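Before any comments, here is the structure.
The values are calculated or read from the model by the stated rules, or taken from the named source; none is laboratory data. Just so we're clear, the structure is a prediction, and the values are computed from it rather than from any experiment. Cβ: placed from backbone, ideal geometry, glycine included. Neighbour counts: every protein chain shown. SASA here: full protein model, heavy atoms, side chains in, ligands and nucleic acids out. Shrake-Rupley method; radii C 1.70, N 1.55, O 1.52, S 1.80 Å.
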Amino acid sequence: METATTPLLSGRCGWLRRRLRLKNPLSSELSGAVGDLGTFIPIVLTLTLVSNLDLSATLIFTGFYNIATGLLFDIPMPVQPMKSIAAVAVSETPHLTPSQIAAAGASTAATLLLLGATGAMSFLYNLIPLPVVRGVQLSQGLQFAFTAIKYVRYDYDTATLKPSSSPRSWLGLDGLVLALAALLFIILSTGSGTDRDCAGDGDFPASNEAQSRRRRLRLLSSIPSALIVFFVGLVLCFIRDPSIFKDLKFGPSKFKILKITWEDWKIGFVRAAIPQIPLSVLNSVIAVCKLSNDLFDKELSATTVSVSVGVMNLIGCWFGAMPVCHGAGGLAGQYRFGARSGLSVVFLGVGKLIVGLVFGNSFVRILSQFPIGILGVLLLFAGIELAMASKDMNTKEDSFIMLVCAAVSMTGSSAALGFGCGVVLYLLLKLRTLDSSETASHVA
């Protein structure tokens with residue numbers, strides 16, 4: 001019996017050891033772990049304040065999700081809020097209730113689980129042209145960047161999930177000077193975000209000056225810039241409002257299973273799930289799989305990613321956790337700041353679990369004072385990194401399709417609309433080529 005079980009246990013231990021191996025220095029992996037918080041924190045904060053989201057359940061469940069997906073995919077797979085559901089929940093009147101938000105998340109999850117389990121998601125992944133996917137990524141990345149700049153320039157209105165019209169003051173603990181200082185620090189330490197910045201692979205002559213330059217670039221790139229900026233923001237939370245210390249309560253909030261009525265299912269599905277489903281299919285599954293191949297030379301299974309989103313939400317939403325998905329923007333952001341292994345998001349998951357278990361819902365007092373300008377800086381780099389994925393469109397035809405898809409997506413604020421236009425344009429161009437070929441053959 002021992003000889004039969006030993007190879008199995010050995011194989012499992014070997015799999016776990018490979019998943020727990022760092023692919024970058026620890027400081028870089030930790031810095032990359034917080035690269036997606038520029039999206040995560042504002043949405044979680046707004047849903048907590050406006051829609052009474054259970055922050056403790058959200059932190060605990062997303063912490064478990066981070067750990068599980070980090071080990072499963074062996075890349076820094078992000079766990080992001082479902083943005084369309086969040087936008088509907090806080091911007092439309094009346095606001096969605098926690099039960100309706102959960103119903104929307106569970107409906108979206110069930111759809112993705114069905115698409116994944118039946119193989120339909122893999123079929124879509126192989127069928128959709130690459131220029132169309134690049135157009136969706138370009139539009140999403142630029143929208144992140146535009147939103148980030150607004151976070152830096154204007155005060156943030158948590159009641160609408162949007163920057164307010166009043167410009168941010170230059171001075172203060174959440175002023176423009178602080179945000180610009182964080183921006184300059186990240187640029188000086190990480191450069192353009194390419195590994196070649198510090199590789200020294202023969203671009204410079206082997207002189208003392210060149211060696212000194214390479215050493216300086218290596219030193220700068222080893223600085224965990226995003227992690228340092230994030231911790232500075234945490235310290236500023238307590239400086240901005242010292243009463244936080246009195247308001248913090250230790251221990252997790254009580255778990256409760258939501259009661260979801262038929263009316264909640266109907267409202268959640270019609271108002272929030274319908275606009276979220278195409279976004280999740282495109283950005284949370286198809287774009288993530290393509291981007292994983294670009295960044296890590298590892299093409300993920302669309303079926304596995306789709307099922308992952310489904311399983312996460314069909315568990316957590318019943319306990320009031322925020323509906324979540326994977327996202328190309330989060331993956332790009334975490335990569336941009338140094339995350340290269342699944343262990344990076346495992347660290348993030350452990351951090352969320354500790355915060356959720358120790359502070360519970362009272363942690364919202366800290367989040368409410370976090371400098372939004374700093375979050376805008378982190379989001380800016382995530383958006384630019386995602387948009388940079390489109391740089392491989394080398395032909396004019398591919399670039400044309402990509403740019404039209406991106407323009408429609410951004411103008412109509414709908415990735416699904418841009419995707420549809422991109423597919424139609426792709427088919428028209430192929431039909432034009434096909435007709436020309438047939439005409440030429442007949443003439444010959």
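Can you give the extra length, in nm with one decimal, that the chain gains between LEU248 and LEU176 once fully stretched, where that is 0.36 nm per residue apart less the Cα-Cα distance?
So the chain would gain 23.1 nm between LEU248 and LEU176.
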Checklist outcome for this item: Asserting the computed 222 nm helical MRE of the chain (DSSP H runs at least 4 long, -39500 (n - 2.57) per run, divided by residue count, to nearest 500) equals -21500 deg cm²/dmol
Checklist entry - If you stretched the chain out fully between THR118 and GLU92, how much longer would it get, using 0.36 nm times the residue separation minus the C-alpha to C-alpha distance? => result 5.9 nm
Checklist entry - Taking a quarter of the surface of the Cα convex hull of the range 44-102, what do you get in nm²? => result 4.2
Checklist outcome for this item: Quick numbers on the range 308-439, Rg and Dmax over C-alpha atoms in Å, give 20.7, 72
Item to check | the range 262-364 - percent of accessible surface contributed by carbon and sulfur, probe 1.4 Å | outcome: 72
Item to check | Cross-link reach list, lysines versus LYS256, counting only Cα pairs under 18 Å and skipping chain neighbours closer than eight places | outcome: none
Item to check | Efficiency of FRET between LYS256 and LEU217 - r from beta-carbon atoms, R0 56 angstrom, step 0.05 | outcome: 0.60
Next on the checklist: I want the local charge near SER399. Using Cβ-Cβ distances under 12 Å, sum +1 for each Lys or Arg and -1 for each Asp or Glu among the other residues.
Outcome noted: 0
Checklist entry - Which pairs in the list LYS162/LYS290; LYS249/LYS352; LYS23/LYS150; LYS150/LYS298; LYS83/LYS391; LYS23/LYS249 are over 28 Å apart, alpha-carbon to alpha-carbon? => result LYS162/LYS290; LYS23/LYS150; LYS150/LYS298; LYS23/LYS249
Checklist entry - Which loop-located chymotrypsin sites (Phe, Trp or Tyr not before Pro) does the range 21-72 contain, where loop means any DSSP state but H, G, I, E or B and the Cβ has at most 16 other Cβ atoms within 10 Å? => result none
Checklist entry - Does the chain come out rounded, prolate or oblate by the C-alpha gyration tensor, with a ≥ b ≥ c the root eigenvalues, rounded set by a/c under 1.5 and, if not, prolate when a/b is larger than b/c and oblate if not? => result rounded
